[in-house]
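The values are calculated or read from the model by the stated rules, or taken from the named source; none is laboratory data. In this text, all values refer to a predicted model and were calculated from it rather than measured experimentally. Cβ: placed from backbone, ideal geometry, glycine included. Neighbour counts: every protein chain shown. Protein only, heavy atoms only, side chains kept; ligands, DNA and RNA dropped before computing areas. Shrake-Rupley method; radii C 1.70, N 1.55, O 1.52, S 1.80 Å.
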Amino acid sequence: MKKMERALDDIPGVTTEFTQPIQMRFNELMTGVRSDVAVKIFGEDIDLLASLAEQSMPMIQSVEGVEDARPEAVSGLPQITVKYNKDKLALYGLNVGDLNQVVRTGFAGEKAGVVYEGEKRFDLVVRLQRDSRQDISNLKNLFVSLPSGSQIPLEQVADINLEPGFSQISREDGKRRIVIGFNVRGRDVKSVVNEIQVNLDKKLKLPPGYYITYGGQFQNLVEANKRLSIAVPVALALILVLLFFTFGSIKQSLLIFTAIPLSAIGGVFALWLRGMPFSISAGVGFIALFGVAVLNGIVLIGYFNQLKSEGMADVLERIREGTKVRLRPVIMTASVASLGFLPMAISTGAGAEVQKPLATVVIGGLITATLLTLIVLPILYYFFEEKLKGRRKKVLSASVLQVLLFCFSIKTTAQTPPLTLPEALEMASKNNQLLQANAFEIQSAKAMQRAAGIFPKTDFNAQLGQFNSRHFDENFSVSQDIPNPALLKARRMLADQKTGIAQSQMAISKNELVFNVRQTWFQAQYLMALESVLMQEDSLLGQFVRAASLKFKTGESNLLEKTTADTRQQQLQQSIFQVRSLIDLEKMKLQQWLKTLGDFSIQKSPFSPLVLAEILDSTLLKNNPMLLFAQQQIAISEAEKLITKAEKLPDFRAGYFVQSIAGPQEVDGQTVNYNAVPRFQGVQLGISIPLFGTKGYRAKNQAADLQIMAQQRHSEYLHSQLLSQLRQYSAQLVFWKNNVAYFEKTALPNAKSIVENASKSYFGGDIGYVEYAQALQTNLEIQRAYLEAINNLNQAVISIQFFINQ
């Protein structure tokens with residue numbers, strides 16, 4: 001084929017392209033180009049487009065898999081050009097229009113008359129004989145008549161040449177373009193185009209306004225991928241909907257739906273194993289695979305449900321019986337489909353490039369879906385069934401599930417960032433059930449505010465019978481009790497105060513929660529700082545142990561020094577273990593306040609003294625929620641006293657009635673007979689006054705006054721207690737501040753100097769192991785005392801913040 005192509009290239013004006021006739025026809029009909037892939041360069045200048053195409057040819061041909069690459073022929077068509085010499089035209093008195101008419105008449109022909117044949121008529125066209133219009137010399141020697149009557153050849157007034165011209169100018173969407181077509185062999189189209197795109201973007205410099213697109217089968221691939229991105233989710237959704245319609249349970253539908261990701265694993269692995277790229281046929285194969293893969297789950301779950309309806313209550317027994325009976329149908333379902341696709345998977349004839357990816361995906365996916373479905377699906381079925389019943393899970397199933405969940409959660413756990421104090425406070429406030437209960441109580445109190453003005457029920461009465469005369473009479477009435485306005489106002493005030501008491505209770509709960517979280521948090525920070533100090537001391541003791549061992553081996557010291565060093569290090573390591581246990585304990589406490597079951601880590605920050613922003617005095621206690629709660633209790637008692645006073649005031653009653661009086665009645669001195677139709681009406685007004693039991697009202701008022709005084713005394717007592725505790729913690733704060741300052745200015749520098757000098761002296765042989773061990777112990781005690789001082793200071797600050805609600 002290569003030799004034939006080179007031989008045909010020698011023929012001028014001939015361009016060759018080797019392809020299959022049917023494939024070429026289909027490519028041209030679908031994509032507009034005859035090759036598998038087309039690189040289209042768009043621009044305005046056709047010469048520049050041809051140049052860019054020639055520059056890009058080596059870049060395209062260098063890519064593996066590219067065959068038969070050829071640019072579109074846009075030039076090389078010979079054409080005769082006639083350029084008139086205007087000076088000579090003026091000299092001879094000629095014009096361009098006359099010369100054009102002569103050239104057109106000689107070569108193309110010009111109408112000279114009309115020939116009639118019956119009713120038909122034909123134009124009579126005159127032109128030169130064929131022998132006189134075969135060569136460019138015939139045009140040059142064409143005589144032109146002058147105004148004087150003489151003739152001259154055309155070449156005396158014009159330059160006539162044979163020049164190459166454009167053979168075709170192709171446009172797409174109204175823009176000029178040139179196409180470089182090539183076929184792909186031995187590779188997939190997408191990877192070839194991607195590599196070409198990288199080469200052209202890197203090496204080919206396009207002028208402004210010029211750009212490259214890719215067409216042919218690659219364009220079909222891109223469009224098909226877009227369609228698949230819609231078709232695959234729709235197919236999955238339809239499968240899930242049909243499963244739900246079949247089983248009527250979203251739980252069981254999702255259980256069967258797990259076969260789809262399990263089958264996708266096998267499809268992807270089979271493509272990788274055979275070295276096949278993802279193609280459109282492979283995508284169609286995945287859609288077919290998903291539909292077939294769920295059949296295994298339908299067979300299993302359907303039989304499990306049948307056994308359950310037949311009275312088999314034990315889930316494990318149901319799974320054992322169902323898998324035993326349905327093992328053969330499950331294997332046969334997958335085997336029939338796999339064997340049906342096997343000829344397509346191993347085909348090598350025409351169309352194999354389409355059949356093989358589809359069949360490979362289906363066979364590989366069904367193998368993994370069948371094996372994993374027989375293992376995973378019963379476990380998930382058991383898990384969901386036992387979870388719904390609330391029964392104890394079996395050890396084997398629970399272990400398998402824990403392993404699976406652990407495998408899936410390793411990455412998530414490893415990437416969980418450490419928890420900061422603001423995040424811990426936010427999480428605790430969000431998850432605390434007591435705060436949630438307080439929020440509901442506030443909503444309930446606010447709802448009761450709207451119910452404080454409820455009026456008594458309206459009374460509707462009917463009286464029927466002989467109550468006015470011997471005839472059957474009717475009486476209808478409606479009445480309403482109206483409490484005095486002062487009572488309604490007092491009830492609304494009491495409802496407002498109850499809302500305030502609920503809000504105060506929530507503030508107390510939140511303040512206590514913040515206090516507990518802060519206390520636990522900084523205790524954990526103290527223990528982590530202590531762990532760091534112990535680790536540093538362990539490093540120093542490690543050097544001590546190594547030096548003592550070396551001295552013992554060389555005979556410079558005795559066994560007592562080595563044993564002392566080992567014992568000290570073991571004691572320190574035991575202390576480190578105890579501190580880590582205490583850290584875990586504080587994390588458990590914090591987990592209790594956060595109300596979270598997930599694992600978390602505490603962000604370690606420099607352990608330094610807390611700074612109190614406020615200047616401490618007794619006025620800060622006004623923000624304490626417990627004191628506000630006590631004051632709210634006083635307001636509640638005062639509102640209840642107002643209700644007691646309002647109950648002594650009169651209540652009102654208003655009504656309306658209409659009745660009938662049958663028989664004769666005297667009206668204005670005349671007797672009138674009335675029928676039994678209600679026509680006589682009137683209004684009822686009343687007032688309720690407490691005439692009896694006034695001593696009881698006075699007793700209630702006295703009890704209300706006593707309750708107010710009791711709440712006032714309780715508030716004063718609470719204020720004094722809180723003020724006393726605030727002063728105690730303030731004194732502790734001052735004490736521990738001075739203590740921390742002493743350590744920072746004096747004790748810590750001395751401890752550092754002791755360790756440095758003792759290490760130099762011991763390793764230099766100036767002091768013995770007893771003095772060195774005492775120096776290390778002194779340094780450790782100072783470090784621990786310093787951390788304890790900071791911890792006590794921080795706990796004092798946290799307690800003060802609790803009292804002033806900061």
Can you run down the residue pairs with Cβ atoms below 6 Å, 6 or more apart or on separate chains, where the first is in region 324-348 and open to solvent by 60 Å² or more (accessible area, probe 1.4 Å) and the partner is in a helix (DSSP H, G or I)? Arg326/Val299; Arg326/Leu300; Arg326/Tyr303
If we scan region 650-662, do we find a residue that is open to solvent by 70 Å² or more (accessible area, probe 1.4 Å), more than 60 Å from the chain's Cα centre (by Cα) and modelled with pLDDT under 85? no
When the residues of region 167-223 are filtered to those that are open to solvent by less than 30 Å² (accessible area, probe 1.4 Å), among the β-branched types (Val, Ile, Thr) and out of contact with any Asp or Glu (no Cβ under 9 Å at 6 or more places or on another chain), which remaining residue is farthest from Met59 (Cα to Cα)? Val193
Among Met4, Met30, Met24, Met59, which is touching a helix residue (DSSP H, G or I) at 6+ places or on another chain (Cβ under 9 Å), at pLDDT below 75, of a type in the set (A, V, I, L, M) and not in a loop (DSSP other than H, G, I, E, B)? Met30
Among (1) touching a residue at least 24 places away in the same chain (Cβ under 8 Å); (2) in contact with a Leu (Cβ under 9 Å, 6 or more places away or on another chain), which single condition is Gly542 missing? (2)
Which residue is most open to solvent (accessible area, probe 1.4 Å), if the candidates are limited to region 224-264 and must be of a type in the set (S, T, N, Q) and over 20 Å from Pro378 (Cα atoms)? Ser229
Is at least one residue of region 300-316 in a helix (DSSP H, G or I) and under 13 Å from Thr373 (Cα atoms)? yes
For region 426-436, does any single residue satisfy the condition of being assigned to a loop (DSSP other than H, G, I, E, B) and either charged (D, E, K, R) or under 31 Å from the mean Cα position of the chain (by Cα) (or both)? yes
Looking across region 545-565 at residues that are in contact with a helix residue (DSSP H, G or I) (Cβ under 6 Å, 6 or more places away or on another chain) and open to solvent by 40 Å² or more (accessible area, probe 1.4 Å), the single one that is nearest to Gln774 (Cα to Cα) is Lys562
Which residue is farthest from Phe544 (Cα to Cα), if the candidates are limited to region 567-577 and must be open to solvent by 40 Å² or more (accessible area, probe 1.4 Å) and of a type outside the set (Ser, Thr, Tyr)? Phe577
Within region 95-115, restricting attention to residues that are more than 20 Å from Asp131 (Cβ to Cβ) and open to solvent by less than 30 Å² (accessible area, probe 1.4 Å), which residue is nearest to the chain's Cα centre (by Cα)? Leu99
Could you check, for region 685-697, whether at least one of its residues is farther than 29 Å from Met493 by Cα, out of contact with any Lys or Arg (no Cβ under 9 Å at 6 or more places or on another chain) and not hydrophobic (A, V, I, L, M, F, W, C)? no
Considering (1) under 30 Å from Ile782 (Cα atoms); (2) out of contact with any Phe, Trp or Tyr (no Cβ under 6 Å at 6 or more places or on another chain), say which one Leu488 fails and leave the rest. (1)
Please work out which residue is least open to solvent (accessible area, probe 1.4 Å), limiting yourself to region 703-715 and to residues that are within 54 Å of the chain's Cα centre (by Cα) and either under 9 Å from Ile634 (Cα atoms) or without any contact (Cβ under 8 Å) to a residue 24 or more places away in the chain (or both). Ser715
Looking at (1) without any contact (Cβ under 8 Å) to a residue 40 or more places away in the chain; (2) closer than 30 Å to Val179 by Cα, can you tell me which one Gln134 breaks? (2)
Please enumerate the residues belonging to region 716-725 that are open to solvent by less than 60 Å² (accessible area, probe 1.4 Å) and either at positive phi or in contact with a helix residue (DSSP H, G or I) (Cβ under 7 Å, 6 or more places away or on another chain) (or both). Leu718, Leu722, Leu723
Determine if region 75-83 includes at least one residue that is touching a residue at least 24 places away in the same chain (Cβ under 8 Å), open to solvent by less than 60 Å² (accessible area, probe 1.4 Å) and closer than 30 Å to Ile41 by Cα. yes
Restricting to region 777-806, and then to whatever is open to solvent by 20 Å² or more (accessible area, probe 1.4 Å) and hydrophobic (A, V, I, L, M, F, W, C), can you tell me which residue is nearest to Phe607 (Cα to Cα)? Ala785
